[in-house]
Amino acid sequence: MSAPETLHSAIVAPQGVWWKPAHRAEKLWISIAFGWCMVLFAMMPLWHLKGGQNPSGVRGRVEPAAFMARTQEFIRQYQVGEDHGIPVVEPPAGADIYLIGMMWRWMPVLRLRQGVHYTLHLSSFDVNHGFNLYPLNINFQIVPGYDYGLRIVPNQAGDYRVVCNEFCGIGHHTMVGRIVVVDSTAAALPRLADSTGTAVPPAGASPDTAKQGGVR
Ligand code: CUA
């Protein structure tokens, strides 16, 4: 005597087609999906090492006071003016340039040239700040104790803002810095001898252009 075909039990195998070999088309699609998974899996480490999102340049530790001293020295060497009490600095091509974040400002204002290479050092004097180059979407964490050296070539002239995008206290919303990129044909601003505002006119410049402060 045998159990009827319709009986459902653990002993009698259920009706179905699931044990039949997969169709050729199904095998093909599974192979393609698996192959693509492997490609994406390999891309993860590859992109981590080679991806365009990686910041270029050097990173290292630095004492906040030491970074402040380097920034002050950088300002002393290349200051060309002042913008709302913040020194304006025009560094030469290829220079190491410094931008320090502190509660609640960025120092100095940088006047850079389009198409020229610089190494931009970013760090903080006190707490975490966020470097956000507005209106471009370029973001970095600015961490005290760490020097973030980015090799940059400004590729677009303009008057940019550095907006702090990491909450850093009561004045966070006022923490806006400035980076001006002028094209390669723009005249260099005359350098200041020191931070007291005394201009040193370049050879052939009129006293009027030598005295101008601010950035254009
Ligand atoms: Cu600095 Cu928010």
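No value in this document is a laboratory result; all are computed from the given coordinates. Bear in mind the structure is a predicted one, so any value in this text is a computation, not a measurement. Every residue, glycine among them, receives a Cβ derived from its backbone with ideal geometry; neighbour counts consider all protein chains shown.
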Hey, could you check segment 113-131 for residues that are surrounded by 19 or more Cβ atoms within 10 Å (Cβ to Cβ) and of a type in the set (S, T, N, Q) and say which is nearest to the ligand (Cβ to nearest atom)? 124
In segment 129-158, which residue that is out of contact with any strand residue (DSSP E or B) (no Cβ under 7 Å at 6 or more places or on another chain) and not aliphatic (A, V, I, L, M) is nearest to residue 182 (Cα to Cα)? 155
Can you find, within segment 158-193, the residue that is nearest to the ligand (Cβ to nearest atom) among those that are more than 21 Å from the chain's Cα centre (by Cα), exposed (fewer than 14 other Cβ atoms within 10 Å of the Cβ) and not small (Gly, Ala, Ser)? 170
Residues being without any contact (Cβ under 8 Å) to a residue 24 or more places away in the chain and within 12 Å of the ligand (Cβ to nearest atom) - total across segment 135-157: 1
Counting residues that are out of contact with any strand residue (DSSP E or B) (no Cβ under 6 Å at 6 or more places or on another chain) and not charged (D, E, K, R), which strands (runs of 3 or more DSSP E) fully inside segment 21-128 reach at least 1? 96-102
Within segment 62-78, identify whether any single residue is away from the ligand (no atom under 16 Å from the Cβ) and on the phi > 0 side of the Ramachandran plot, and answer yes or no. no
Can you spot a residue in segment 78-98 that is among the charged types (D, E, K, R) and buried (at least 19 other Cβ atoms within 10 Å of the Cβ)? yes
